[in-house]
């Protein structure tokens, strides 16, 4: 089941919207550890690179009522200072510089829900506590075009759960070894996280970093990241069956055809918003776009 929910702005209404979405999907997380993985690449004022801080905090609050520690894994390009666990300070050198709102969220989550655990104390290079590795439950992804794979939503966001000292290493190996294959492999390892895609303001053009903001006004969410991403692609008017990592992850293409995805909330036709693609990927557009 995939939810398509209107969310016209980053404001206080997000808290109720996200809470209601989680209830509709009947998440079984009571008493469990939860990792909240936002798409946080680097801070750039006025851009739509990252999951918006207010959406991250809304997801945190929604999970916090049911689960045990909720942790986030920020990242940044090319700086060793981005590594941290809940026993260390968040990075302020690049990705979060000047983002007082996001730093406040991280401090709030750390103080309220994420006391350091014994298993996290022995690993200075951990992205998040060792006992939580391999168990992400919440992906706060961003709806963006991507200059290597065409579109990036929740599945590409799994690159951020791979332990590493910095974002560029060892995670760039995943790009060089075959980005589509790496996304599909990670999806196989983590098959059932709950994905929330931030489409309130996405990014089109030369994404995922150098594109331009694209207002859409929706959140897309569900237990099956492949179905969520296929639905997000259709909103962007990108043909999901042309996205290689989606085909690899699904095995059988019929799994992500529109008729085989149960959708609730808004119809695709009501929220469809064509995204501009770089010339190399314009062939990904849906036939009627």
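Of the residues 170, 215, which single one is modelled with pLDDT of 95 or more and surrounded by fewer than 17 Cβ atoms within 10 Å (Cβ to Cβ)?
215
Quick one: count up the residues across region 242-263 that are in contact with a strand residue (DSSP E or B) (Cβ under 8 Å, 6 or more places away or on another chain) and either over 30 Å from residue 23 (Cβ atoms) or surrounded by 16 or more Cβ atoms within 10 Å (Cβ to Cβ) (or both).
Of the residues in that region, 4 qualify.
Among the numbered conditions (1) at pLDDT below 95; (2) touching a strand residue (DSSP E or B) at 6+ places or on another chain (Cβ under 7 Å); (3) surrounded by 17 or more Cβ atoms within 10 Å (Cβ to Cβ), tell me where residue 41 comes up short.
The failed condition is (2).
Which is closer than 27 Å to residue 13 by Cα and crowded, with 16+ Cβ neighbours inside 10 Å, of 266, 239?
266
Checking residue 46 against (1) under 17 Å from the mean Cα position of the chain (by Cα); (2) at pLDDT 75 or above; (3) within 30 Å of residue 206 (Cα to Cα), which single condition isn't satisfied?
(1)
Residue 231 versus (1) more than 17 Å from residue 139 (Cα to Cα); (2) at pLDDT 95 or above: which is the lone unmet condition?
So residue 231 meets the others, but not (1).
Enumerate the pairs (first residue in region 25-44 and without any contact (Cβ under 8 Å) to a residue 60 or more places away in the chain; second residue anywhere and surrounded by 19 or more Cβ atoms within 10 Å (Cβ to Cβ)) with beta-carbon separation below 8 Å, excluding pairs fewer than 6 apart on the same chain, so at least 6 apart or on different chains.
Taking only residues 6 or more apart or on different chains, the pairs are 30/67; 31/67; 43/50; 43/95; 43/96; 43/99; 43/102.
The values are calculated or read from the model by the stated rules, or taken from the named source; none is laboratory data. The structure displayed is predicted, hence computed values, not measured ones. Heads up, the Cβs are rebuilt from the backbone with ideal geometry, glycines too, and the neighbour counts pull from every protein chain shown.
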